[in-house]
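I have placed the structure first, in the form of structure tokens, so that the comments after it can refer back to it.
The numbers here are math on the coordinates, done by the rules we state, and not lab data. Everything quoted here is computed from the prediction, not taken from an experiment. Quick reminder, even Gly has a Cβ in these numbers, built from the backbone with ideal geometry, and neighbours come from all protein chains shown.
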Amino acid sequence: MKYCAKCKVNVHRQLDNCPLCGSYLDPKDNNDKCEIYREMDQAVAYPVLHEKGKASFFKSKFALILLVLTVIAVVLNILVDPQSHWSAYVAIGFVFTVGVVVFPIANKIPLLKQVRWDSVICTAIAIAMEFAVCDGKFYWLTVEFVIPWLYVAGIITVDCLIIFYHRNNKSMFGTLTFESAFALVPQILLWIAERCDWYSSKTLINFVIFFAVLVNFAVVAVVYSRQLKEDMERNLNV
Ligand SMILES: [Zn+2]
């Protein structure tokens, strides 16, 4: 049985959100580990919930229609105007719409998971854009502008969740570490590339973000250590 920690009520196991407050039901709050609830759960015959028909269109057909349109665009591009790469933008748009918008909504993906997933998809999209724009020769636009800001957006989202929800669960900290590592890696790679004379950066944005991420780590470490201290005081009577 699922459990809403906010409303303090048990919720049907098929539901992903609390019917009272609408908040996401974190699997770690499930009360299956509690013997009484486990026995109760087996004794009760729960009705099977059916989703409304609307969601199934969004889930299956919408992505398929977009895929067909993308394939048509690519074929037209190759047949009519093979010199330009305009259909690459259509394909990139398709990946973004399905991966970042349609899939998470249809499958009710938790926000934190989505933030991580978006970083990976959007990085791939940014690199694909680079290839579409200048035939694989890296240009400063995505490497030095788009990619770093993408990770900063992820970090800000997670920071806001930590500040407003006051929750210090593992997946939040995991997502923050993931995003910060993603933000640090481009700068480290740029330094290596400059050392080896492969690429010279034209802006200081990556550099600034590198230090912003370090400051972010320090702030979060302080917040977490205080919460850790409070937890220890409460639970261990220190
Ligand atoms: Zn609730």
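Considering each residue of segment 9-44, count those that are more than 21 Å from Leu111 (Cα to Cα), of a type in the set (S, T, N, Q) and not in a loop (DSSP other than H, G, I, E, B), and give that number.
Number of matching residues: 2.
Within segment 4-32, count every residue that is under 24 Å from the mean Cα position of the chain (by Cα) and not basic (Lys, Arg).
16
Hey, among Val102, Val75, which residue is exposed (fewer than 13 other Cβ atoms within 10 Å of the Cβ), out of contact with any strand residue (DSSP E or B) (no Cβ under 8 Å at 6 or more places or on another chain) and assigned to a helix (DSSP H, G or I)?
Just one listed residue meets the conditions, Val75.
Does Pro19 qualify as being closer than 29 Å to Leu150 by Cα, out of contact with any Lys or Arg (no Cβ under 6 Å at 6 or more places or on another chain) and within 16 Å of the ligand (Cβ to nearest atom)?
Answer is no for this residue.
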